[in-house]
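So the structure is just underneath, and the comments pick up after that.
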């Protein structure tokens, strides 16, 4: 019975890795939609978000079956309940990538270049955080989960830089204020994506230790 349960847990890991990769793809397509202004990239983002929603339901069903059929011990209960929390955060990541792509429909290409470097680094860091948070769950690596939590400061600092850039742009050209708000929203969605990666990392630590942590505690340590 335990062998079968372990096999199912391994399948759960594979499904989580797949869902995490889809989240990375969604972020990539959304930022490309901003850079290129193409309907193709927007459609790929929207389609990927739909697949992420499907994966969430599949993983949720699998977790519920494990809970009902296998009578897991305390450690396994923490692992499965953490997985359920994690897929909720991943689903939100897909939604926020969708929101970014939706905004790119109305962003002028010249305005989209404002804070281009900062937004590019935000997206790369957020994607890396998503990847590492899932890896930390699969590998049961608390150190990697802590790294994800600490990296959130990088994204937060970049958001402040984008905000400062946009304030300067508004001061020099008030006529493009509406478009600048769109860029600020894109940066805010990327910041939220990194927050969800932090949530995933915190659930990883809980699944291993049974203790809830927060970002401040990790930084102090």
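The values are calculated or read from the model by the stated rules, or taken from the named source; none is laboratory data. Not measured: the values here are computed from a predicted model. Note that each Cβ is placed from the backbone with ideal geometry, even for glycine, and that neighbours are counted across all protein chains shown.
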Fill in the blank from the handout: Going through the stretch 31-78 in order, the residues found to be outside any helix (DSSP H, G or I), touching a residue at least 40 places away in the same chain (Cβ under 8 Å) and within 29 Å of residue 103 (Cβ to Cβ) are 37
Handout entry: Test for residue 122: is it modelled with pLDDT of 95 or more and either surrounded by 23 or more Cβ atoms within 10 Å (Cβ to Cβ) or in contact with a strand residue (DSSP E or B) (Cβ under 9 Å, 6 or more places away or on another chain) (or both)
Key = no
Exercise for the section: Confirm whether residue 195 is under 20 Å from residue 84 (Cβ atoms), assigned to a helix (DSSP H, G or I), out of contact with any helix residue (DSSP H, G or I) (no Cβ under 6 Å at 6 or more places or on another chain) and modelled with pLDDT of 90 or more. Expected result: yes
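Residues are listed down the side, and each one gets a yes or a no for (1) buried (at least 20 other Cβ atoms within 10 Å of the Cβ); (2) without any contact (Cβ under 8 Å) to a residue 40 or more places away in the chain; (3) not in a helix (DSSP H, G or I):
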| site | (1), (2), (3) |
| --- | --- |
| 85 | no, no, no |
| 95 | no, no, no |
| 134 | yes, no, no |
| 163 | no, yes, no |
Handout entry: Failed item in (1) within 15 Å of the chain's Cα centre (by Cα); (2) over 22 Å from residue 99 (Cβ atoms); (3) in contact (Cβ under 8 Å) with a residue 40 or more places away in the chain, with residue 28 passing the rest
Key = (2)
Practice task
Go through (1) within 26 Å of residue 28 (Cβ to Cβ); (2) surrounded by fewer than 23 Cβ atoms within 10 Å (Cβ to Cβ); (3) at pLDDT 85 or above one by one and return the number of the condition residue 179 breaks.
Solution key: (3)
